[in-house]
Amino acid sequence: MRDFGEVKEDLLEMLDELNERLGKITDDVKHAQEPPEKDFAEQAVEMENDEVLDYLGNAARMEIIQIKRALQRIEQGLYGECSVCGQPINEERLKALPYSDKCIHCAEKNP
């Protein structure tokens, strides 16, 4: 089994940053810092902003799940191995997307 200590550290750092970002997004959507506007036009703008924040929050949640899975694969000795075909994932792909669980071939076939 290869040592992925540095990758694990990077993934944990990414996880911390995403959790912090998700907390801020959640606070913004809940309007924790200020009450919602009383003006109808401002409420409409806030609703649009909330939709964007909701999308960003969902994207962060999905990335958090992927990072946690990558951390599990490191612990299980499966990191860097395609979860579909079992072949090694190209190192360049892992550098670009460290939580990837599929080789580029399988990712293109099974997004």
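Report, in listed order, any pair from 24/102; 8/102; 68/95; 24/95; 68/102 with a Cα-Cα distance greater than 22 Å.
In this structure, 24/102; 24/95 lie more than 22 Å apart at Cα.
Under a Cβ-Cβ cut-off of 13 Å, what is the net charge of the residues other than residue 53 that fall near it, where Lys and Arg count +1 and Asp and Glu count -1?
Summing Lys/Arg as +1 and Asp/Glu as -1 gives -3.
Under the rule a/c < 1.5 gives rounded, and otherwise a/b versus b/c splits prolate from oblate, where does the range 56-111 land using the Cα gyration tensor?
oblate
Against the longest alpha carbon principal axis of the chain, how many degrees, from 0 to 90 and to the nearest 10, is the axis of helix 5-30 turned?
Rounded to the nearest ten degrees, it is 20.
Tell me which lysines have Cα within less than 17 Å of residue 38's Cα, excluding those fewer than 8 residues away on the same chain?
Filter leaves 30.
Between 0 and 90 degrees, rounded to the nearest ten: what's the tilt of helix 40-76 against the longest Cα principal axis of the chain?
That helix lies at roughly 20 degrees to the long axis.
Quick one: Cα convex hull volume of the chain, Å³ per residue?
Residue-normalised Cα hull volume stands at 107 Å³.
Around residue 108, what is the net charge, scoring Lys/Arg as +1 and Asp/Glu as -1 over all other residues with Cβ under 13 Å from its Cβ?
+3
The chain: longest stretch without exposed trypsin sites (Lys or Arg not before Pro) (DSSP loop, at most 15 other Cβ within 10 Å), sites themselves excluded? Show your work: numbers first, answer last.
Details: sites that count: 2, 38.
After excluding every exposed loop site, the longest remaining stretch is 39-111.
If amide H atoms are built 1.01 Å from N in the plane of the peptide, which residues on other chains or at least 5 residues away come under 5 Å of the amide H of residue 81?
89
Every number here is computed from the coordinates shown, using simple stated rules; none is lab data. Keep in mind that what you see is a predicted model, and the values were worked out from it rather than measured. A quick note on method: Cβ atoms are made from the backbone with ideal geometry, for glycine too, and the neighbour counts reach across all protein chains shown.
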